[in-house]
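J.: Pasting a structure here, questions to come.
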Amino acid sequence: MTDSRLLLLAPDDNVLVARQSIDQGTILEIEGHTIALAVALGIGHKVARKPISSGEKVLKYGAPIGSATALIAVGEHVHIHNMQSDYTTTHVIERPDRAHS
Amino acid sequence: MNTRMRGYLRSDGRKGIRNVVAVAYLVECAHHVGRKIVEAFDENEVHLIGFPGCFPNSYAQEMMEKLTTHPNVGAVLLLSLGCESFNKYKLSDVIGASGRPVHTLTIQNDGGTRQTIETGRDWVASQIEMLAQAQTVSLELDELVIGTVCGGSDGTSGLTGNPAVGRAFDRLVDAGAICIFEETGELIGCEEIMASRAATPELADELRASIAKAARYYAKLGYGSFAPGNADGGLTTIEEKSMGAYAKSGRSTISGLIKPGTIPPKGGLYLMDVVPDGEVRFGFPNISDNAEIVEMIASGCHLTLFVTGRGSVVGSAISPVIKICANPDTYRKLADDMDINAGRILEGSASLDDIGEEILDAIIGLASGNVSRSEALGHREFILTYKSFEPAGPSCLPG
């Protein structure tokens, strides 16, 4: 069972996508795991469906979208702080009022 | 179903869904005069386009030739300062040969700012009067050229708006229309799945090569085609953004690879290779979304399907833009700017096929006299900058 607010796009994916914004602290079921969301999840953001080790490919739409740069636990936000492109670096503007979004 | 669509028949056999006077400045020094001429008229009838540079560039020359002879254009006023490098004589000859009225004003010879504005307005007014008499003929889906771009993408773009455009593209290609998708820099990581859809093995190689070129180009520039807002919206890497952008192409066979300004020869799905050839010169390939839209129009697009998640508001000169909003939260904030709410898919109140159908209906509506949201709001953005391309090889347009 996985929470209906999270979307699995392809069978082999190791991430799920939020189909709506989900508050920090929300308890989510992810395939037998129960996790508390550590950060607020914006619509379209990703969480880990499975544990992902550092260097492992992140799979979404059934395709690699980059590599993990740290060990990522089930239910953890997957974004620029723990994965990177295998092509070109992602450019972001640092914003003091936000953590990862 | 398509009998409502009407077009303006041009001498090359193409039909326009609009009949505008284009005012084209040929160097930034003539931009102000152009702006003053255009502001005297209804924004639906007279559109301002132009090229800012004073150095010659064959890409810009070709783009201006294609844009001023686009089927949506009925007459053209060229604005020269007088000393710029742009070849206004050749451009005027090309427009004249297409059967369109064309007139050139040269500010240095035609009395300076005030007099050129006055003369220009008189000429434009006479053309509007003439264009108002134009008769339309019936227009079918297989006569349309439809482009798609995405901008202000976020994590919803690849879930709703882009695949819904893909559904609409599948139906348009089946109906015989020409469909064009683009931004090879935003297809990085999709090269193998895309190559598997090529009409021939040689075209598959060309598709792979175009993506490899884009990856090299952007790597040299140090930035991918990826803005900070993309990351705010949940996209983490260029290849993730690419997978979402790729969904706009639908499932049809890819019939060819074209350069900006090439008008595809027959119905089918085409990829536009927007990244310049050769050494990295002139900076970023397309500096903002409108540069992509302008290239689509130069390749004959009657209208452009623009998918946005974060909330782009732009339109375009010459050909209308249909705004497809992928993100339901953005739609609520910017509903007035959006033609279609694809975010309903995430909320469970519409399917991809439903939104694909809405997109098709919107296209038919625009070709039947409706205006898009960005048109109604007066958006007529235009941008053209320096690039250089080699001619495409024979494998790029098989059979």
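J.: Just checking, how many residues over region B:340-399 are open to solvent by 10 Å² or more (accessible area, probe 1.4 Å), assigned to a loop (DSSP other than H, G, I, E, B) and farther than 27 Å from residue B:260 by Cβ?
T.: Residues meeting the conditions: 7.
J.: Further question: Determine whether region A:40-47 contains at least one residue that is surrounded by fewer than 17 Cβ atoms within 10 Å (Cβ to Cβ) and in contact (Cβ under 8 Å) with a residue 24 or more places away in the chain.
T.: So far as region A:40-47 goes, no, none of its residues is surrounded by fewer than 17 Cβ atoms within 10 Å (Cβ to Cβ) and in contact (Cβ under 8 Å) with a residue 24 or more places away in the chain.
J.: Now a separate question. Which condition from (1) crowded, with 21+ Cβ neighbours inside 10 Å; (2) part of a helix (DSSP H, G or I); (3) without any contact (Cβ under 8 Å) to a residue 60 or more places away in the chain is the one that residue B:193 breaks?
T.: Going through the list (1) crowded, with 21+ Cβ neighbours inside 10 Å; (2) part of a helix (DSSP H, G or I); (3) without any contact (Cβ under 8 Å) to a residue 60 or more places away in the chain, residue B:193 breaks only (1).
J.: Please determine, by comparing only the residues of region B:242-290 that are open to solvent by 10 Å² or more (accessible area, probe 1.4 Å), in a helix (DSSP H, G or I) and aliphatic (A, V, I, L, M), which one is nearest to residue B:185 (Cα to Cα).
T.: Across region B:242-290, the extreme among qualifying residues is B:243.
J.: Moving to a separate point now. Which residue pairs have Cβ atoms closer than 8 Å, lie 6 or more positions apart in sequence or on different chains, and pair a first residue in region B:87-110 that is within 20 Å of residue B:59 (Cα to Cα) and in a loop (DSSP other than H, G, I, E, B) with a second residue that is at pLDDT 95 or above and open to solvent by less than 40 Å² (accessible area, probe 1.4 Å)?
T.: What qualifies is B:87/B:61; B:98/B:10; B:98/B:69.
J.: Can you name the residue in region A:85-101 that is within 7 Å of chain B (Cβ to nearest Cβ) and open to solvent by 80 Å² or more (accessible area, probe 1.4 Å) and, of all such residues, is modelled with the lowest pLDDT?
T.: The extreme case among them is A:93.
J.: Restricting to region A:10-39, and then to whatever is open to solvent by 60 Å² or more (accessible area, probe 1.4 Å) and facing another protein chain (nearest Cβ under 9 Å), can you tell me which residue is nearest to residue A:66 (Cα to Cα)?
T.: Here the answer is A:19.
J.: Name the residues in region B:202-241 that are surrounded by fewer than 24 Cβ atoms within 10 Å (Cβ to Cβ) and basic (Lys, Arg), would you?
T.: B:208, B:213, B:216, B:220
J.: Kindly establish whether residue A:56 is away from chain B (no Cβ under 12 Å), more than 22 Å from residue B:230 (Cα to Cα) and at pLDDT 95 or above.
T.: yes
J.: Failed condition for residue B:153, given (1) within 14 Å of chain A (Cβ to nearest Cβ); (2) part of a helix (DSSP H, G or I); (3) under 20 Å from residue B:290 (Cα atoms), with all others met?
T.: Unmet for residue B:153, out of (1) within 14 Å of chain A (Cβ to nearest Cβ); (2) part of a helix (DSSP H, G or I); (3) under 20 Å from residue B:290 (Cα atoms): (2).
J.: For region B:6-26, indicate whether the set of residues that are assigned to a loop (DSSP other than H, G, I, E, B), of a type in the set (Asp, Glu) and not assigned by TED's automatic domain parsing to the domain that holds residue B:84 is non-empty. Steps first, answer last, please.
T.: Taking region B:6-26 first, the residues assigned to a loop (DSSP other than H, G, I, E, B) are B:10-14, B:17-19, B:26.
With of a type in the set (Asp, Glu) added as a condition, the list becomes B:12.
Imposing the further condition that a residue be not assigned by TED's automatic domain parsing to the domain that holds residue B:84 reduces the set to B:12.
Scanning region B:6-26, I find at least one residue that is assigned to a loop (DSSP other than H, G, I, E, B), of a type in the set (Asp, Glu) and not assigned by TED's automatic domain parsing to the domain that holds residue B:84, so the answer is yes.
J.: Now for a different question. Just to be sure before I move on: is residue B:350 hydrophobic (A, V, I, L, M, F, W, C) and in contact with a helix residue (DSSP H, G or I) (Cβ under 8 Å, 6 or more places away or on another chain) in the structure I sent?
T.: yes
J.: Here is a list: A:62, A:75. Which entry is closer than 25 Å to residue B:343 by Cα and away from chain B (no Cβ under 12 Å)?
T.: A:75
The values are calculated or read from the model by the stated rules, or taken from the named source; none is laboratory data. Computed from a predicted structure; not experimentally measured. Neighbour counts run over all protein chains shown; Cβ positions are idealised from the backbone, glycine included. Each accessible area value is taken on the protein alone, full model and side chains, heavy atoms only, with ligands, DNA and RNA left out. Shrake-Rupley method; radii C 1.70, N 1.55, O 1.52, S 1.80 Å.
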